[in-house]
Amino acid sequence: MGAVKAAIGDALITFLWVFCSSTLGALTSIVASALDVHGKGPTLAITVLILTVLLLIFTAFGEMLGGATFNPTGSASFYAAGVGGDTLTSLALRLPAQTAGAVAGAVAIVEYMPSQYKHMLGGPALKVDLQTGAIAEGVLTFVMTFIVLFIILRGPRNTVLQILLLAISTMTLVITGSTYTGPSMNPANAFGWAFVYNRHNTWEQFYVYWICPFIGAILAAWVFRGGALSLRHQDPNWV
């Protein structure tokens, strides 16, 4: 029953995350216009601030739902790092639930986004050859996963500072990967948008946005876990 409850929580929070995070571009435009802000730097700062607020809200909401998450690679990486209470059985329920939630979120935001902002919607898309895109998505997910594990488990204890660092890291990697794969670094989100555009059943979707991100995330978890064990062996007081 616990695994089923976790899966339901994941489906709900992923639905809301895809729905809300898809408005990031529109919200940035609205706030920048209201504040009469121009220039790439100030506009990017607004985006980071909005993303930080969103992550703070969803972190609190996830805790209310008993640890619900909206990224399958995040769930898999914490399991691979030996953190949390997931089992292979619970993951087998949670990952499809996250994917279903993402599909519902993408379909819903396309339906309800005001027409003047619909051009700002869209998920990740491959902009290079298949192999380059696969490597890029894997590497980006590896880096993002390692950063998340380090910040959450070994970083500052202040939640707001943690979330701010995660938001800055996320935007940095999104910009870095924008000319390669979008990027996604979240298979459920990628699948949701691929479903909307009827690209969900392609080898490109499976290879670039599922296989390689999971490989990157799990490798990052193993590297992080190996480093943590090594430091603990050298210094028993290290936590």
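Looking only at the stretch 55-82, residues that are under 12 Å from the mean Cα position of the chain (by Cα) and open to solvent by 20 Å² or more (accessible area, probe 1.4 Å) come to 5 in all.
A single entry from A32, A68 fulfils the requirement of being at pLDDT below 95, in contact with a helix residue (DSSP H, G or I) (Cβ under 9 Å, 6 or more places away or on another chain) and either among the hydroxyl-bearing types (S, T, Y) or part of a helix (DSSP H, G or I) (or both): A32.
Take L49 and decide whether it is of a type in the set (A, V, I, L, M, F, W, C), closer than 15 Å to T170 by Cα, open to solvent by 40 Å² or more (accessible area, probe 1.4 Å) and part of a helix (DSSP H, G or I). Answer is yes for this residue.
When residues in the stretch 134-181 are screened for being over 17 Å from T69 (Cα atoms) and β-branched (V, I, T), 11 of them pass. Across the stretch 164-191, the number of residues qualifying as within 28 Å of Y112 (Cα to Cα) and under 13 Å from the mean Cα position of the chain (by Cα) comes to 14. Note on the stretch 178-217: residues that are more than 22 Å from A11 (Cα to Cα) and hydrophobic (A, V, I, L, M, F, W, C) amount to 4.
So which residues in the stretch 169-209 are buried (at least 23 other Cβ atoms within 10 Å of the Cβ), touching a residue at least 60 places away in the same chain (Cβ under 8 Å) and closer than 18 Å to V139 by Cα? Those that are buried (at least 23 other Cβ atoms within 10 Å of the Cβ), touching a residue at least 60 places away in the same chain (Cβ under 8 Å) and closer than 18 Å to V139 by Cα: S184, M185, N186, P187, A188, N189, A190, V208, Y209. A Cβ distance below 9 Å, combined with a sequence gap of six or more or placement on separate chains, defines the contacts here; from the stretch 59-81, residues that are without any contact (Cβ under 8 Å) to a residue 12 or more places away in the chain reach residues that are surrounded by fewer than 16 Cβ atoms within 10 Å (Cβ to Cβ) in the pairs A60/T159. Within the stretch 139-161, not a single residue is of a type in the set (G, A, S), within 12 Å of the chain's Cα centre (by Cα) and open to solvent by less than 40 Å² (accessible area, probe 1.4 Å). Anything in the stretch 7-17 that is more than 16 Å from T59 (Cβ to Cβ) and crowded, with 18+ Cβ neighbours inside 10 Å? List them, or say none. Correct list: A7, A11, F15. Answer yes or no: is there a residue in the stretch 110-132 that is open to solvent by 50 Å² or more (accessible area, probe 1.4 Å), assigned to a helix (DSSP H, G or I) and in contact with a Cys (Cβ under 9 Å, 6 or more places away or on another chain). Taking every residue of the stretch 110-132 in turn, none turns out to be open to solvent by 50 Å² or more (accessible area, probe 1.4 Å), assigned to a helix (DSSP H, G or I) and in contact with a Cys (Cβ under 9 Å, 6 or more places away or on another chain).
Among the conditions (1) more than 18 Å from A102 (Cβ to Cβ); (2) modelled with pLDDT of 95 or more; (3) of a type in the set (V, I, T), T141 misses just one, which is (1).
In the condition set (1) at pLDDT below 95; (2) touching a Gly at 6+ places or on another chain (Cβ under 8 Å); (3) open to solvent by 80 Å² or more (accessible area, probe 1.4 Å); (4) not hydroxyl-bearing (S, T, Y), H233 is compliant with all but (2).
Annotation for the stretch 84-96: at least one member residue is open to solvent by 70 Å² or more (accessible area, probe 1.4 Å), of a type in the set (A, V, I, L, M), free of Cβ contacts under 8 Å to residues at least 60 places away in the same chain and in a helix (DSSP H, G or I).
The values are calculated or read from the model by the stated rules, or taken from the named source; none is laboratory data. Worth saying up front: this structure is predicted, and the values here are computed from it rather than measured. Please note: Cβ atoms are built from the backbone with ideal geometry, for glycine as well, and neighbour counts cover all protein chains shown. Calculation scope for accessible area: heavy atoms of the full protein, side chains included, ligands and nucleic acids excluded. Shrake-Rupley method; radii C 1.70, N 1.55, O 1.52, S 1.80 Å.
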